[in-house]
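The values are calculated or read from the model by the stated rules, or taken from the named source; none is laboratory data. Just so you know, these numbers come straight off a predicted model, no measurement behind them. Cβ placement follows ideal geometry from the backbone for every residue including glycine, while neighbour counts extend to all protein chains displayed. The area values use the complete protein model at the heavy-atom level, side chains included, leaving out ligands, DNA and RNA. Shrake-Rupley method; radii C 1.70, N 1.55, O 1.52, S 1.80 Å.
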Amino acid sequence: RPIIAIAALLCAVAGALALNFPALSGRVVDQANIIQPSTRSAIEQKLADLETKSGIQLVVATVSSLEGQDIEPYANELFRTWQLGEKSKNNGVLFLVAPNERRVRIEVGYGLEKTLTDALSKVIIVNAITPRFKTGDFSGGISRGVDDIITVLTTDAAEWQQRPSLRLDNQQTADPASWLLLAGLIALITMLIVSRTF
């Protein structure tokens, strides 16, 4: 009887994981149709340049539905299904947006986890992406997020120690007190899922 119960549970889990992912048709997969054509072209060129210069494969994806899944397992499975990055270096990055569920996530391959950390991903999401999404500017938020991700991936870590915050949404430099508060908040959430409702 316990074996039957375990088998039934495994079948249920397998069914839940049989998600209908979009095909990896390019560096930008806009299933939700929220990116303006001109913005898409500009992003695709930036992603192509990044891959040519560094070997890093960064893919932007929007989906019309997470099919009842939370964004973390969905993004992880999509990342694995698409096999992003060079196999030997595991240097892929997935920037996933689910507008209907109001969720966004940056999924990073093991080879880049020390560069594009959970803390920096969270700062990018909070400062660059979600403020624009909240105003309905999906193209602007995605473009800005891509810019900041590329900046982190191509900038020496020592520079981030001197310049700990990414560009703030109001384009102003954070004062020390504000940065200390932000750093404290980041320290509390680095163990949480790198996703945010917008």
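What to note about this one:
- Verdict on G85 being at pLDDT below 95 and on the phi < 0 side of the Ramachandran plot: no
- Within segment 28-42, the residues that satisfy the criterion of being surrounded by 14 or more Cβ atoms within 10 Å (Cβ to Cβ) and within 17 Å of V104 (Cα to Cα) are V28, V29, D30, Q31, A32, I34, I35.
- Conditions (1) modelled with pLDDT under 95; (2) open to solvent by 60 Å² or more (accessible area, probe 1.4 Å); number of the one not met by Q45: (1)
Residue by residue, here is whether (1) under 15 Å from A32 (Cβ atoms); (2) surrounded by fewer than 18 Cβ atoms within 10 Å (Cβ to Cβ) holds:
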residue: E86; (1), (2): no, yes
residue: K89; (1), (2): no, yes
residue: G92; (1), (2): no, no
residue: V97; (1), (2): yes, no
residue: V104; (1), (2): yes, no
residue: L116; (1), (2): no, no
residue: A119; (1), (2): no, yes
residue: K122; (1), (2): no, no
residue: I129; (1), (2): yes, no
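- Some residue of segment 49-70 being touching a residue at least 24 places away in the same chain (Cβ under 8 Å), in contact with a helix residue (DSSP H, G or I) (Cβ under 7 Å, 6 or more places away or on another chain), open to solvent by 10 Å² or more (accessible area, probe 1.4 Å) and among the basic types (K, R): no
- Residue in segment 85-103 that is within 28 Å of G136 (Cα to Cα), basic (K, R) and within 16 Å of the chain's Cα centre (by Cα) present: yes
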